[in-house]
Amino acid sequence: MPDKNIIWHFFLFNFINMKVNVKSPGRVNLIGEHTDYNGGYVLPCALNLSIELDIEKTHENSFVSTDLGYSMHFDVKSDFKKSNNHWENYILGVINELKQIKSQIDNFTCKISSTLPSGAGISSSSALVCGLIKGLGVLNNLNLDNSEIIKLSRNVEHKYIGVLGGIMDQYTILNAKENKAILLNCENVKSKYIDINFGEYEILLLDTNIKHNLASSEYNIRVKECKLALETINSVNKKNYKNLSQVSIDEITKAKNNLSEKQYKRSIFVFEENIRAIQSAELIKTNNLIEFGKLMYQSHYGLKNNYEVSCKELDFLVKQTEIYDGILGARMMGGGFGGCTINLIKKNDIEDVVAKIKKDYKDSYGINLNAIIAKPGSGIKVSKL
Ligand code: GLA
């Protein structure tokens, strides 16, 4: 007759944490673009829109379904095999990464629903990946802390999706707090919360509804250009900096003749954007929204001219805002080549301005524009059911 304690433990182990609900938000970046993988500062907050995952252990094969009508079946015990359906690789990548930590992961069902538009540059993919890792971590008693989740999530993007992204999205999704931005130093992963109180202003996202194909390939090219620029700047200045964000303007200038024109422009952008992110945190803290708005425009023109990650649709939307007094700042947001612009706009003006810009955008490109009012929301939430 087995010991009662053993039966009880077996019962607890198998039946506790059978089901979890995870709400994983999108992220908005106020400023500090393409600085994360250069070890610089970013100033993001979470969005009050999220991906929701209902995950439950099952003894059968796993089944994942989405409210968009996609679904997939698989057995977690099978070896990883890349899928031809792009989105499935996020799921399969997560499982393969978790299996490196614990070989026996349980099969599960997962229902995904979302209020977060995908492909809009507000990090729906990181929300999905972080949410799934968090939920499966709880169901499989993996005790993952946030830094481990960030590492696993980046592995998924790097190894299974092929985008060499930084840590901004994951860090924000896991650590965000309502009505706060996070000033994150991506070199040492230290952060400060900055209160957001925009008063009569609001964050408005304008989604181009465009994702150019070259988005991920150009992203990886930028990562490489920055790495090569850093090597040259280090060698000319006899330094050993680990990240491009650490170099001074004098050091960049000294290396100018040894850098390609592109590498020089990328370095200047990273240097300036990093300063803008630090200054913006201070301006937001002291409610100097007019000056913050100016930095947003500067960030956009840096991303357009020196970093070259904008596109005509994003430029059009930013240009349109310049005639409205009620808009203090606008810029493209995220990786670029499509997705959203972020705008700081007077609440009372939103309706009229959006209607006008929507019409102009449709007239110029024949594409519908989506407008999202973004409230700084809280980070990931898990409830055991
Ligand atoms: C994408 C990446 C982030 C960051 C931004 C650009 O969203 O996932 O890590 O590099 O682009 O700031």
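The values are calculated or read from the model by the stated rules, or taken from the named source; none is laboratory data. In this text the structure is predicted, and so the values were computed from the model without any measurement. Cβ placement follows ideal geometry from the backbone for every residue including glycine, while neighbour counts extend to all protein chains displayed. The accessibility values were calculated without ligands, DNA or RNA, using every heavy atom of the protein model including side chains. Shrake-Rupley method; radii C 1.70, N 1.55, O 1.52, S 1.80 Å.
Taking VAL42 as the residue in question, decide whether it is at pLDDT 95 or above, over 21 Å from LYS190 (Cα atoms) and hydrophobic (A, V, I, L, M, F, W, C). So VAL42 does not fit the description; no. GLU351 fulfils the conditions (1) open to solvent by 20 Å² or more (accessible area, probe 1.4 Å); (2) part of a helix (DSSP H, G or I); (3) over 21 Å from LEU47 (Cα atoms) except for a single criterion, (3). Within region 213-229, if we keep just the residues that are of a type in the set (A, V, I, L, M, F, W, C) and in contact (Cβ under 8 Å) with a residue 60 or more places away in the chain, the residue that is surrounded by the most Cβ atoms within 10 Å (Cβ to Cβ) turns out to be CYS226.
Find all pairs meeting these conditions: Cβ atoms under 8 angstrom apart; at least six residues apart or on different chains; first residue within region 244-257 and touching a residue at least 40 places away in the same chain (Cβ under 8 Å); second residue aliphatic (A, V, I, L, M). That search, which allows pairs on different chains as well, returns LEU244/ALA229; LEU244/LEU230; LEU244/ILE233; LEU244/VAL270; SER245/VAL270. Scanning region 94-123 for residues that are assigned to a loop (DSSP other than H, G, I, E, B) and among the β-branched types (Val, Ile, Thr) returns ILE105, THR115, ILE122. Of all the residues in region 36-67, those that are out of contact with any strand residue (DSSP E or B) (no Cβ under 9 Å at 6 or more places or on another chain) and within 16 Å of the ligand (Cβ to nearest atom) number 2. Quick check on TYR361: is it in contact with a Ser or Thr (Cβ under 9 Å, 6 or more places away or on another chain) and surrounded by fewer than 21 Cβ atoms within 10 Å (Cβ to Cβ)? Answer is yes for this residue. Per the listing ILE203, ILE210, ILE173, ILE194, the residue uniquely surrounded by 17 or more Cβ atoms within 10 Å (Cβ to Cβ) and closer than 19 Å to CYS130 by Cβ is ILE173.
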